[in-house]
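Peer 1: Let me begin by handing over the structure; questions about it come next.
The values are calculated or read from the model by the stated rules, or taken from the named source; none is laboratory data. Since we're looking at a predicted model, the values are computed, not measured. In this analysis, Cβ positions are derived from the backbone assuming ideal geometry, glycine residues included, and neighbour counts consider all displayed protein chains. Quick note on the areas: whole protein, heavy atoms, side chains included, nothing else; ligands and nucleic acids left out. Shrake-Rupley method; radii C 1.70, N 1.55, O 1.52, S 1.80 Å.
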Amino acid sequence: MKYEELIERRQSIRSFYEKELSTEQIKEITEYCEKAKKLCPEISLAVEFCAEGAGARMEGVVGYRGNAFFAPMYLVLLSEEQEGYLENAGFLAEGISLKLTDMGLDSCWLTVDNSDAVKKALLLDSKLTVAAVLACGYGVEEKAAQRIDIVTPADVKFEKREGHIAPKISQGEMVYEGQWGVSPEWKEGQFDPYLDKALYAATLAPSFLNRQTYRYIIRDRELILCEKEEDMVSEEDRKLGLGATMYNFHVVYSHYNAAGYGWVLGEPEIAGDLQLAEGYQAVASHRLW
């Protein structure tokens with residue numbers, strides 16, 4: 001898959017045609033899920049495919065304000081609850097969403113507030129917790145390319161996208177060098193030549209209400225992921241978003257640097273030297289070379 005292209009092309013679609021996925025398509029997605037790289041492979045995780053009226057059963061159970069968008073198929077990621085399980089689910093879910101894009105399908109992440117309610121609605125008999133849900137199918141093309149920006153529930157704006165699917169926060173504002181607030185110059189030879197591409201991909205990851213509560217700091221041979229709590233975004237949605245942005249970075253960076261290291265969850269030793277802004281904390285690190 002051409003991940004850089006897919007990451008730019010992917011959109012969150014909120015309206016679907018009543019066209020079911022074929023048996024062959026479901027098999028292809030299943031095989032992808034079985035072989036896909038996980039952020040925390042030691043955590044048990046399963047993917048359930050739910051169709052046949054699932055859209056009606058999911059209304060009021062998942063999604064922002066209960067909007068499930070009546071998709072023909074829902075992919076439900078179930079996980080055992082361990083440290084990092086939400087980041088792990090977000091990591092896999094982002095990979096699945098890009099696989100769907102590559103197959104000519106569309107998808108939308110749906111918020112999950114009550115795991116038991118989802119399992120009851122979909123008749124899922126599992127001891128695992130519902131960590132993430134993707135609505136998917138053949139999306140109805142939007143008449144105007146808009147990006148939703150919800151400042152507060154009473155302050156909702158729709159902004160027209162220009163060119164590619166622009167992140168709510170640009171790469172220049174998302175990435176710092178050495179310590180908080182210092183923007184990289186991106187001079188030739190300053191960094192690993194593929195770091196720019198991978199960080200750009202990371203900024204395009206989906207996040208709840210486009211809030212993008214995370215930032216990156218390049219420090220010597222390490223990339224540090226930092227995030228902060230936000231009133232409008234639950235801990236569950238924040239951590240799923242962290243998994244998604246880590247996946248986008250990983251899948252592009254590892255394409256160019258197959259010998260690179262992976263993400264490590266947890267506060268790195270150098271966190272105290274980063275002079276983070278109030279409310280932010282370092283939550284993961286990636287050795288670059």
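Peer 1: Return the residue satisfying two criteria in turn: it lies in the range 269-289 and is at pLDDT below 95 and within 26 Å of Gly95 (Cβ to Cβ), and of such residues it is surrounded by the most Cβ atoms within 10 Å (Cβ to Cβ).
Peer 2: Only one residue fits best here, namely Leu288.
Peer 1: Sticking with this one: Quick one: which residue in Leu75, Leu45, Leu21 is closer than 25 Å to Asn210 by Cα and modelled with pLDDT of 95 or more?
Peer 2: Leu75
Peer 1: Of all the residues that make up the range 23-59, how many are out of contact with any Phe, Trp or Tyr (no Cβ under 9 Å at 6 or more places or on another chain) and among the β-branched types (Val, Ile, Thr)?
Peer 2: Count: 2.
Peer 1: Now, a different point. Which ones in the range 8-25 are loosely packed, with under 15 Cβ neighbours inside 10 Å and either more than 17 Å from the chain's Cα centre (by Cα) or in a loop (DSSP other than H, G, I, E, B) (or both)?
Peer 2: Ser15, Tyr17, Glu18, Lys19, Glu20, Ser22, Thr23, Glu24
Peer 1: Which one of these is surrounded by 14 or more Cβ atoms within 10 Å (Cβ to Cβ) and closer than 20 Å to Ala132 by Cα: Glu48, Glu52?
Peer 2: Glu48
Peer 1: Restricting attention to the range 174-190, which residues are free of Cβ contacts under 8 Å to residues at least 40 places away in the same chain and crowded, with 17+ Cβ neighbours inside 10 Å?
Peer 2: Listed by number, the list holds a single entry, Pro184.
Peer 1: Let me ask something else about it. Could you count how many residues in the range 42-75 are in a strand (DSSP E or B) and either touching a Gly at 6+ places or on another chain (Cβ under 6 Å) or not hydrophobic (A, V, I, L, M, F, W, C) (or both)?
Peer 2: Of the residues in that region, 3 qualify.
Peer 1: So which residues in the range 1-55 are in contact (Cβ under 8 Å) with a residue 60 or more places away in the chain, touching a strand residue (DSSP E or B) at 6+ places or on another chain (Cβ under 9 Å) and among the hydroxyl-bearing types (Ser, Thr, Tyr), if there are any at all?
Peer 2: Ser12, Ser15, Tyr17, Ser44
Peer 1: Considering only the range 211-247, state which residues are under 20 Å from Glu177 (Cα atoms) and either of a type in the set (D, E, K, R) or open to solvent by 20 Å² or more (accessible area, probe 1.4 Å) (or both).
Peer 2: Within the range 211-247, Arg215, Arg219, Asp220, Arg221, Glu222, Glu227, Lys228 qualify.
Peer 1: Another question about this same structure. Those residues that are open to solvent by 20 Å² or more (accessible area, probe 1.4 Å), more than 14 Å from the chain's Cα centre (by Cα) and among the hydrophobic types (A, V, I, L, M, F, W, C), I need them from the range 82-111; list them, please.
Peer 2: Met103
Peer 1: Aromatic (Phe, Trp, Tyr), assigned to a loop (DSSP other than H, G, I, E, B) and open to solvent by 30 Å² or more (accessible area, probe 1.4 Å) - does that describe any residue in the range 248-257?
Peer 2: No, the range 248-257 has no match at all.
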